[in-house]
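Here's the structure, in structure tokens; my notes come after.
The values are calculated or read from the model by the stated rules, or taken from the named source; none is laboratory data. Computed from a predicted structure; not experimentally measured. Virtual Cβ from ideal backbone geometry, glycine too; neighbours counted across all protein chains shown.
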Amino acid sequence: MAVKKNKVHKDFISGLMNSQGMGRYKIIRRLGQGGSGVVYLARDSYIQRQVALKISHGIASHSRKKLFLEAQSAGRLSHPNILSIYDTGLYREFCYIIMEYLEGDTLKSYGQKDKLLPLDQCAEIVFKICKALDYAHQKGVIHRDIKPSNIMLDEKGEPKLMDFGIAHISEETSEKGIWGTPSYMSPEQLKEETTTQQSDIFSLGCVLYELLTGERAFRGENDFSVIYKITRENPEPVRNLRPDLPVIFEEIVNKALAKRLADRYASCTEFGYDLRVALRGIKLPRGDQKFEDIIDLLRQVPFFHNFTREQIESLGLAGCIIKMPKGKVIVTEGDIDDTFYVLLKGKVRIRKDSEVIAKIRAGECFGEMAYIAGQARNATATTATECLLMKINATLLDKAPDGIQLLFFKNFARTLSYRLEKSSGSNLQGQPS
């Protein structure tokens, strides 16, 4: 049977290449196999890039339907933490999709006690998946199969959410039955009730539990015992398994894994905000000398001239300081992101269509228009020297007191006014007298 299936796939690949132009996709090797199909590493000779080619298992309608649903749901999403779908189609009895190819490991590799990631990295990973899921939920897509093997870390350590093969799209009728991996499914999924964004939150809570402890939140000898525990029992508290964890992580896990929807996080934004608070506490605890030094540094930056020390401390901005070498791309034109930056030291160049349109000096902010307008980046920012930057997340700012948000927007307006004035002056200087 395996030999026959491999031959069928070879025939399919040959046909796919011929139907789309000789040599469009060159198969390099087989990468793996999932519930909905087989994945190959291929090279797209038109665009000169490596891609992942996923082919349905064959004539089985359910296999094709899962692959088509994955393409339909993920294909409508464009987010830095969601695997990109480039193309999809049907050839003979097969459905196929062309996807972004990533080199790295899934989180399944880090859910073991001897391979646990640093605590701050765990929080950062789950926080970014929260942002990806929040974006998907706003687009009407519920993943329904969040688990460690469906989240990959690329070579830079950035998490990417994959496999929307059993996703539910809001305008579609949900298929009845239990689909997914029981160990990570929410109580309402197992009871075949209506799934909402809170189902994904429960599943992501299971992933966080595993990353923190090296054990599954709900363990059993078989699926029936796992289902019983998920629907009727609470998991062992994470601090019983790992006493060194800060209390806030136990509180976050407990809320994400609450069986009653009323007790669970209502949105991934709420989940992500609590993770960001926990992350700030890990990186730079109050009273640490480095914390105090950074607070003093921020108070000397022009952007924060009208902030009190207490306001800066309340934001926890010290945990957002990053260093970047010369020539590093900070943000890319077309990216969808909700962060902006304040340059503390160094110089940054802003380019649009390869032309330098602005130079950012220490004390100025950039990237704020993507946050304010809620649109994709319209320019690329690159470090012109070694830089010290403060990266501010919109989730963090949106939860800040109104008074602090008002200060930010006042300073955004002041920055914009300065740039317009500078731009007008440059245009006048360039006009003939």
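Being surrounded by 17 or more Cβ atoms within 10 Å (Cβ to Cβ) and hydroxyl-bearing (Ser, Thr, Tyr) is the filter; apply it to region 339-355 and report the residue that is farthest from Glu386 (Cα to Cα). It comes out as Thr339. Criterion applied to Glu215, Glu188, Glu221 was being outside any helix (DSSP H, G or I), acidic (Asp, Glu), under 28 Å from the mean Cα position of the chain (by Cα) and surrounded by fewer than 22 Cβ atoms within 10 Å (Cβ to Cβ), and the one residue passing it is Glu215. All of Val226, Val207, Val238 fail the test of being under 22 Å from the mean Cα position of the chain (by Cα) and surrounded by 14 or more Cβ atoms within 10 Å (Cβ to Cβ), apart from Val207. Evaluating Gly21 against the criteria (1) at positive phi; (2) modelled with pLDDT of 65 or more; (3) among the small types (Gly, Ala, Ser) leaves one unmet condition, (2).
Report the residue count in region 35-60 for those that are in a loop (DSSP other than H, G, I, E, B) and at pLDDT 80 or above.
Result for region 35-60: 4.
In region 201-222, of all residues being more than 22 Å from Asp105 (Cβ to Cβ) and out of contact with any Lys or Arg (no Cβ under 7 Å at 6 or more places or on another chain), the one that is modelled with the lowest pLDDT corresponds to Glu221.
Looking only at region 85-99, residues that are at pLDDT 80 or above and basic (Lys, Arg) come to 0 in all.
In region 372-384, the condition of being without any contact (Cβ under 8 Å) to a residue 12 or more places away in the chain and of a type in the set (Val, Ile, Thr) is met by no residue. When Ala362, Ala381, Ala358, Ala370 are checked against the criterion of being of a type in the set (Gly, Ala, Ser), modelled with pLDDT of 90 or more, surrounded by 13 or more Cβ atoms within 10 Å (Cβ to Cβ) and closer than 23 Å to Glu421 by Cα, Ala381 stands alone in meeting it.
Output the residues belonging to region 390-411 that are among the hydrophobic types (A, V, I, L, M, F, W, C) and modelled with pLDDT under 85. Within region 390-411, Met390, Ile392, Ala394, Leu396, Leu397, Ala400 qualify.
Does Arg30 satisfy the criteria of being over 25 Å from Cys130 (Cα atoms), at pLDDT below 80 and of a type in the set (Lys, Arg)?
no
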